[in-house]
Amino acid sequence: MPVGSSSNLASEGHRPLLPFIALLFNKLLASGIFPSDFKHAVVRPLLKKNENDVSDPKNFRPVSNLSFLSKVLDRIIQRRLQAYLDGNALMPASLCVQI
C-alpha cells in the first residue's frame, strides 16, 4: 500500500515520517500548490441499499477515495481559510460552520 493511502500513516510505526510530512505541507501551503497527485481518486461503486438488485447499475452510487495526505492537506486549508474569514469578519454569522 503506498504511503499516504490510508490513515495508518499516523500510527506509531510511521511517526518518524511526520516531520517530513509537516515540512512538505508547509512548503505546499507557502507556494500555493496543491499537487495533482493529491487530486486523483479511486472511484468505486457502492450499492445504495442491500436489498437492491446488484445486476442493475442504477442501484449503485460512486464513492471517491482520495489519499490520506490529500484529506489532511485539504482539512488544513479549510481550517486556515475559515480562521481567516472568521478573524476578518468576512463571512456572515449565518453561514459560519463549526469545524
Residue list for region 25-51, restricted to those being in a loop (DSSP other than H, G, I, E, B) and small (Gly, Ala, Ser):
32, 41
Unique residue being of a type in the set (Val, Ile, Thr) and modelled with pLDDT under 90 when the list is 97, 63
97
Give the residues of region 14-32 that are modelled with pLDDT of 90 or more, loosely packed, with under 11 Cβ neighbours inside 10 Å and either over 21 Å from residue 81 (Cβ atoms) or within 15 Å of the chain's Cα centre (by Cα) (or both), sorted by residue number.
19, 20, 23
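Here is a yes/no grid of residues against (1) surrounded by 12 or more Cβ atoms within 10 Å (Cβ to Cβ); (2) touching a residue at least 12 places away in the same chain (Cβ under 8 Å):
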site: 42; (1), (2): no, yes
site: 51; (1), (2): no, no
site: 61; (1), (2): no, yes
site: 67; (1), (2): yes, yes
Go through region 52-97 and give me each residue that's β-branched (Val, Ile, Thr) and not in a loop (DSSP other than H, G, I, E, B).
63, 72, 76, 77
Subset of region 75-95 (residues that are without any contact (Cβ under 8 Å) to a residue 12 or more places away in the chain and either surrounded by 10 or more Cβ atoms within 10 Å (Cβ to Cβ) or closer than 22 Å to residue 25 by Cβ (or both))
75, 81, 83, 84, 85, 86, 87, 91
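The values are calculated or read from the model by the stated rules, or taken from the named source; none is laboratory data. Note that this is a predicted model, so its numbers are computed, not measured. Cβ sites come from the backbone with ideal geometry, for glycine too, and all protein chains shown count toward neighbours.
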